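Step one of this worksheet: look at the structure below.
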Amino acid sequence: MKKIRNYDVSGLFTFFTPSVGFGWIMTGICLALQLSVGVLFALPFMLGYFGSDLLQLVTYTLTFALLLIPCASFSRFNASRMEEGITLSSGKHLKEAGGFLPLALLVIIGTLGTVIVLDPINTAISKIPMPGSDIMEQFVELILGGNRWIWLVNLVILAPLFEETFCRGILLRGMLKTVQPKWAIILSALMFAVIHGNIIQGVNAFLLGLIIGYAYYKTGNLWLAMLMHATNNLVSYLLIYTPLQQYDSLIEVMPLWGYLLLLVVGAAVTAGFILLLRRIPLRGDYGNLDRVRIEDMVS
């Protein structure tokens with residue numbers, strides 16, 4: 001009996017490409033799962049069976065497991081019904097763009113530039129009274145009071161793995177089949193913002209999601225998208241565990257001229273990163289994502 005050969009992160013969801021409408025339904029389900037799973041584990045937490053950091057790790061993993069496992073089942077069901085699918089990640093053409101390692105270094109530098117550029121935006125938003133401000137303060141306190149190694153795994157490994165698989169690998173990839181690429185990237189970034197559940201994180205997630213989505217579209221490589229997400233989260237994680245976490249912005253610890261110079265450098269790096277991505281040639285309607293038939297995936 002023939003079996004799917006590349007049963008990995010690229011092959012699991014190949015034949016599941018949700019439309020825009022279905023993408024919004026899945027985004028709502030993601031929010032509902034976060035709430036329901038959190039409530040499910042609230043009782044043992046209050047009784048003292050789990051530490052708050054371990055609770056976050058368990059609930060986060062369970063939430064995305066309940067979300068992604070049905071997606072993989074949909075893909076396997078569609079495998080015999082669809083003429084072709086689209087892989088989540090491709091590395092075949094990366095040699096033409098310089099190879100994986102140079103691109104990995106490029107996306108790390110580009111992400112650092114983006115983090116700098118977003119600092120004044122995030123600072124301005126954090127000073128506006130709105131829903132989500134208290135959540136962010138509680139979130140930072142939760143991290144500071146928990147096991148820093150568990151939070152490192154949660155923020156820098158699990159979050160990029162799960163959220164990029166869902167938001168870029170499934171939602172963006174699916175919408176590329178039904179809407180123009182620019183709208184698919186914008187909508188996936190908006191869905192990425194919504195699943196964070198609060199405005200403060202949501203604005204940053206949307207803006208960062210635009211850059212990550214474009215990089216995924218141009219490179220066709222989900223691992224690079226995860227690396228960008230991990231870089232952003234690692235910066236936030238490291239800042240939380242330094243004295244800088246008590247400040248709202250770098251402008252509070254730097255002279256104005258130094259902060260402005262930093263913003264100029266960050267903007268130049270971000271612009272250069274986007275320009276370099278634009279130079280990567282596209283091979284099809286779905287960017288540099290590979291089309292595949294079921295015959296190519298069985299043995």
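The values are calculated or read from the model by the stated rules, or taken from the named source; none is laboratory data. Remember, predicted model here, so these are calculated numbers, not experimental data. Ideal geometry is used to build each Cβ from the backbone, glycine not excepted, and the neighbour counts take in all protein chains shown.
Structure notes:
- Considering residues of segment 273-292 that are free of Cβ contacts under 8 Å to residues at least 60 places away in the same chain and outside any loop (DSSP other than H, G, I, E, B) only, the residue surrounded by the most Cβ atoms within 10 Å (Cβ to Cβ): Gly284
- Extreme residue, nearest to Ile294 (Cα to Cα), among residues of segment 45-60 that are at pLDDT 75 or above and not polar (S, T, N, Q): Tyr60
- A search for C-beta distances below 9 Å between a residue of segment 52-74 that is part of a helix (DSSP H, G or I) and any residue that is charged (D, E, K, R), counting only pairs 6+ apart in sequence or on different chains, returns Asp53/Arg148; Phe64/Glu163.
- Considered as a group, the residues in segment 146-185 that are basic (Lys, Arg) and assigned to a helix (DSSP H, G or I) include one that is nearest to the chain's Cα centre (by Cα), and that residue is Arg168.
- Applying a threshold of 8 Å to beta carbon distances and a minimum spacing of six or more residues, or different chains, the list of pairs starting in segment 16-30 at a residue that is modelled with pLDDT of 95 or more and ending at one that is polar (S, T, N, Q) and part of a helix (DSSP H, G or I) reads Gly23/Ser188.
- The residue list Ala79, Ala72, Ala42 contains one member that is at pLDDT 85 or above and surrounded by fewer than 19 Cβ atoms within 10 Å (Cβ to Cβ), which is Ala72.
- Here His196 meets the list (1) modelled with pLDDT under 95; (2) in contact with a helix residue (DSSP H, G or I) (Cβ under 6 Å, 6 or more places away or on another chain); (3) buried (at least 22 other Cβ atoms within 10 Å of the Cβ); (4) of a type outside the set (Ser, Thr, Tyr) almost entirely, failing just condition (3).
- Identity of the residue in segment 148-166, surrounded by fewer than 19 Cβ atoms within 10 Å (Cβ to Cβ) and of a type in the set (Val, Ile, Thr), that ends up modelled with the lowest pLDDT: Ile150
- One residue from Val115, Val107, Val140 being surrounded by 14 or more Cβ atoms within 10 Å (Cβ to Cβ), modelled with pLDDT under 80, part of a helix (DSSP H, G or I) and not aromatic (Phe, Trp, Tyr): Val140
- Checking each residue in segment 249-267 for being part of a helix (DSSP H, G or I), more than 23 Å from the chain's Cα centre (by Cα) and not hydroxyl-bearing (Ser, Thr, Tyr) picks out Leu250, Ile251, Glu252, Leu256, Trp257, Gly258, Leu260, Leu261, Leu262, Leu263, Val264, Val265.
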